[in-house]
Amino acid sequence: MTVRWRILHVEDDPDIRMVTGLALGLDPSLSVRSVESGGAALALLAQGDYVPDLLLVDVMMPDMDGMRLIAEARALDGLRSVPAIVMTARARPGDVERYRAAGSLGLIVKPFDPVTLAARIRGMMADAV
């Protein structure tokens with residue numbers, strides 16, 4: 001199977017970044033590139049050499065929150081319609097609706113099951129197509 005979706009994963013916690021990368025790396029239809037901050041993600045995207053098919057973004061990061069990152073990334077050339085999924089450890093009632101209203105395909109609550117993570121993301125992506 002060839003790579004179907006390129007995912008830019010943005011997460012400040014190195015352990016979660018590693019687990020996510022390992023979990024998604026087992027799926028041959030996914031190619032994952034991970035960065036540690038919103039600033040690093042925007043710098044990578046602004047170069048124009050890497051255009052992801054999905055932004056997988058932590059909501060709470062020290063330099064900028066995930067929703068701001070998604071908005072700023074979508075303001076860059078060629079990224080206006082890039083889909084996004086948010087990840088967070090703090091999910092309250094109504095968060096899914098709030099994140100969807102802000103342009104996210106869905107919400108993955110941390111801690112997540114690494115075994116099912118790729119299937120969940122593929123499902124959200126398929127629902128969006």
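Listed by first and then second residue, the pairs linking a residue in region 47-64 that is in a loop (DSSP other than H, G, I, E, B) to a residue that is small (Gly, Ala, Ser) and crowded, with 20+ Cβ neighbours inside 10 Å, with Cβ atoms under 7 Å apart and 6 or more places separating them unless they lie on different chains, are Val59/Gly66; Met61/Gly38; Asp63/Gly38; Met64/Gly38. Taken together, the criteria place Thr88 among residues that are closer than 16 Å to Gly103 by Cα, surrounded by 13 or more Cβ atoms within 10 Å (Cβ to Cβ) and either free of Cβ contacts under 8 Å to residues at least 12 places away in the same chain or among the polar types (S, T, N, Q) (or both). Please verify whether Arg33 is within 18 Å of Gly123 (Cβ to Cβ) and at pLDDT 95 or above, treating the condition exactly as stated. For Arg33, the condition - within 18 Å of Gly123 (Cβ to Cβ) and at pLDDT 95 or above - is not met.
If you go through region 90-129 and keep only what is of a type in the set (Val, Ile, Thr), more than 12 Å from the chain's Cα centre (by Cα) and either within 21 Å of Gly25 (Cα to Cα) or not in a helix (DSSP H, G or I) (or both), you end up with Val109, Val115, Thr116, Val129.
Ile16 fulfils the conditions (1) over 14 Å from Ile121 (Cβ atoms); (2) surrounded by fewer than 14 Cβ atoms within 10 Å (Cβ to Cβ); (3) touching a residue at least 60 places away in the same chain (Cβ under 8 Å) except for a single criterion, (2).
The values are calculated or read from the model by the stated rules, or taken from the named source; none is laboratory data. What you are looking at is a predicted structure, and each value in this text was computed from that prediction instead of being measured. In this analysis, Cβ positions are derived from the backbone assuming ideal geometry, glycine residues included, and neighbour counts consider all displayed protein chains.
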